[in-house]
Amino acid sequence: PARRVLLLGEGNFSFAASLCGAAGTHIVATCYESEEEASGRGRAAESIRLLRESGAEIVFSVDCTKLKDYFLPERRKFDCIYFNFPHCGRKAGVVKNRELLAHFFRSSAEVLTEEGEVHVALCNGQGGTPADQPRREWHNSWQIVAVAAGAGFILSNVHPFKAETIHGYKCTGYRSQDKSFCVEGALNHIFTRSMPLPYFKPMSCEIELESRKVSFQVPQVLVDKINRGFLDIHSNHPVLSIKEKLTAELSQAFPLQNVDYCLSLLHQGHLNGVCHSNVFSIILSPEETPSTEEMSNGLANAVSFSHADFCRSTDENVQDVNVQEGCHISQRYYLRPSLLPYAQAIIQRGTFIPGTLYVLSGPVFRKCLISPNSMPVFHEMVFVCAVNRGTENSCIQMLVHNIKTGIHSLHQTVPSFKLSINLQEATSFETTELNDFAAFESQLSKIQYFICLEMDTSGCSEKGSCVGIIRTALYELVSSELVVVFLSLNLDLLAMLICGIADWRMLWTSDTRFLRQFPRGELTLFKSFSLYPPSYVHDVSFWLPDGEQFDEVAFHTIARQVSGETVISIQLIDSFQQSETGRRSLCYRLTFQCCDKALSCQEVAEMQLLFRKEINRRLNLTVR
């Protein structure tokens with residue numbers, strides 16, 4: 001079928017006439033005025049005649065805010081809608097024109113196909129996006145991206161509106177008159193439908209734990225991230241492409257064995273040096289909880305953890321399995337925050353071959369503060385190799401060399417900027433210089449080296465980002481002393497740096513436009529399908545409860561949950577202590593922004609209200 005194109009607000013129909021004869025296109029041209037009024041404009045009559053002769057439809061007296069009223073249901077869907085230089089007329093200000101656009105976008109959503117586009121041309125500066133040069137102040141613009149978000153649209157492209165290249169086109173309608181206006185620097189904004197913001201229902205996950213099927217409630221903040229299968233063999237996600245390339249490179253230097261098949265999502269026991277507020281506690285149904293004996297035979301319990309290494313008392317903020325009559329002793333489980341315990345278990349169980357490189361990979365889950373590169377879930381890849389004492393440095397150099405080769409090979413397909421890979425001693429880093437990935441890994445055990453990637457775009461070198469860590473451990477066995485080398489990589493960070501993905505959340509989008517850019521797993525420079533997403537700022541202040549410590553990680557985790565990961569920044573902007581009572585008050589500023597979906601100011605206001613209720617209910621904070 002022919003592609004149906006709807007043109008709105010045609011003044012003299014010269015733009016519509018320029019599209020006549022386009023192959024596979026059926027034109028429906030409309031204007032707000034009656035036929036008599038429109039025909040009186042210069043050259044309009046000639047354009048109308050040309051359109052009718054070419055088989056185009058022409059509809060007069062069309063209100064762009066009520067589009068479905070003008071077309072029969074079977075003729076109501078359009079593949080593309082054009083609205084060039086919309087305006088309320090006369091000397092209408094920015095507020096009225098924003099309202100016009102808001103009603104127009106809502107009306108367009110009712111007549112646009114699912115894969116359709118909405119093209120809106122605006123004069124220079126009106127849109128309020130960084131593409132406008134010069135750019136108006138936000139309050140003085142039409143705020144087109146934020147307005148479109150209210151109807152579920154995202155800005156997917158923007159390019160100059162070159163009137164001189166459109167045959168026979170002449171703009172008209174200056175202050176509702178048959179007069180032209182300046183279109184120099186004008187921009188065409190192309191909008192597409194956004195996926196709706198998700199509403200996550202409670203979700204249970206069923207897994208096999210020591211030959212027994214168990215189920216557990218998935219933390220709400222992870223509902224859309226559990227069991228996504230990005231590392232499955234038929235996936236074309238960039239993290240799998242990177243994993244496969246690095247594995248192939250390392251297999252040329254080491255005998256290699258994958259052990260992903262035995263990695264449980266759940267971990268039992270304490271984690272050395274890791275505060276439990278940074279891990280997701282899990283409750284199993286009592287009748288489904290494996291016995292202590294069953295767990296002791298499994299990989300998840302193969303590494304012992306000292307209770308003294310746990311940073312808080314067991315009674316504080318920890319979700320234990322309920323102990324009921326006839327149940328086994330209470331056990332504590334976590335969604336795995338690291339693959340390191342599983343790697344250590346391979347060595348401690350003694351079921352390994354010295355010199356063989358064991359590879360583990362899978363998603364890991366951590367509670368963390370909100371920041372651009374802080375990920376509550378990412379794909380970790382761990383390499384484990386036991387070598388004779390005194391040869392560990394040679395093993396490390398061989399590992400790093402092959403990883404460098406693999407990354408450089410991947411980067412050749414995305415040559416728009418330079419990447420350099422460096423091995424840096426851990427002692428050269430201050431704690432404040434570590435990103436979230438490196439900081440958490442530092443809690444688990446001592447690190448010898450960091451693997452850092454530096455980006456160089458347009459001659460401007462950016463500070464290296466830690467994407468991997470190397471640690472060693474000495475194991476005394478019956479026959480000899482072996483040094484085990486552990487190398488851990490953050491595949492998500494690697495994918496972001498190699499493919500130019502600015503926001504970690506984009507890796508987890510359910511929008512098919514993301515994976516379409518990586519056919520058959522081929523890595524390319526990522527082009528965002530949601531440009532200049534609007535941001536919204538809200539403040540929240542509250543009194544801290546007397547005698548209780550403020551859990552900032554829990555505060556951030558609630559923000560992640562109620563906003564569906566649309567809070568991108570939380571900053572402390574004020575702290576106050578009442579002299580009479582000693583009560584302390586904090587004020588935080590939350591910035592909301594979504595990288596892949598439309599986010600409206602009304603939706604954000606609802607999230608903010610829910611956030612205020614939840615921090616009061618769950619953290620006992622008295623909102624001011």
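The values are calculated or read from the model by the stated rules, or taken from the named source; none is laboratory data. No experiment lies behind these values; they were computed from the predicted model shown. Neighbour counts are summed over all protein chains in view; Cβ atoms, including those assigned to glycine, are modelled from backbone coordinates with ideal geometry. We work out accessible area using only protein heavy atoms, side chains counted, and drop any ligands, DNA or RNA first. Shrake-Rupley method; radii C 1.70, N 1.55, O 1.52, S 1.80 Å.
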Given the options K91, K96, name the one that is farther than 21 Å from T165 by Cβ and part of a helix (DSSP H, G or I).
K96
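One line per residue, one yes/no per condition, for (1) touching a residue at least 12 places away in the same chain (Cβ under 8 Å); (2) within 30 Å of D574 (Cα to Cα); (3) open to solvent by 10 Å² or more (accessible area, probe 1.4 Å):
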{"site": "L489", "(1), (2), (3)": "yes, no, no"}
{"site": "L494", "(1), (2), (3)": "yes, no, no"}
{"site": "G500", "(1), (2), (3)": "yes, no, yes"}
{"site": "L507", "(1), (2), (3)": "yes, no, no"}
{"site": "T512", "(1), (2), (3)": "no, no, yes"}
{"site": "R520", "(1), (2), (3)": "yes, no, yes"}
{"site": "K527", "(1), (2), (3)": "no, no, yes"}
{"site": "P533", "(1), (2), (3)": "yes, yes, yes"}
{"site": "S541", "(1), (2), (3)": "yes, yes, yes"}
Cβ pairs under 9 Å, 6+ apart, first in the stretch 201-213 and acidic (D, E), second surrounded by 11 or more Cβ atoms within 10 Å (Cβ to Cβ) and assigned to a loop (DSSP other than H, G, I, E, B)
E208/S264; E210/S264; E210/P290; E210/S291; E210/N297; E210/G298
Checklist (1) surrounded by fewer than 22 Cβ atoms within 10 Å (Cβ to Cβ); (2) within 30 Å of E37 (Cβ to Cβ); (3) under 25 Å from the mean Cα position of the chain (by Cα) applied to H189, failing item:
(1)
Listed by first then second residue, the pairs whose first member lies in the stretch 222-245 and is assigned by the TED database to the domain that holds G468 and buried (at least 19 other Cβ atoms within 10 Å of the Cβ), whose partner is outside any helix (DSSP H, G or I) and small (G, A, S), with beta carbons under 7 Å and at least 6 positions apart or on separate chains, are K243/S361
Does any residue of the stretch 241-253 turn out to be in a loop (DSSP other than H, G, I, E, B) and touching a strand residue (DSSP E or B) at 6+ places or on another chain (Cβ under 7 Å)?
no
Six or more apart or on different chains, Cβ atoms under 7 Å: show the pairs whose first residue is in the stretch 34-58 and over 27 Å from R3 (Cβ atoms) and whose second is of a type in the set (D, E, K, R) and open to solvent by 40 Å² or more (accessible area, probe 1.4 Å).
R41/D178; G42/D178
Selection count where residues are closer than 25 Å to L434 by Cα and open to solvent by less than 60 Å² (accessible area, probe 1.4 Å), scope the stretch 373-391:
11
Selected residue (criterion: most open to solvent (accessible area, probe 1.4 Å)) from residues of the stretch 545-598 that are touching a Leu at 6+ places or on another chain (Cβ under 7 Å) and free of Cβ contacts under 8 Å to residues at least 24 places away in the same chain:
L572
Just one of the numbered conditions (1) farther than 16 Å from Q448 by Cα; (2) at pLDDT below 90; (3) crowded, with 17+ Cβ neighbours inside 10 Å; (4) not hydroxyl-bearing (S, T, Y) is not true of I329; which one?
(3)
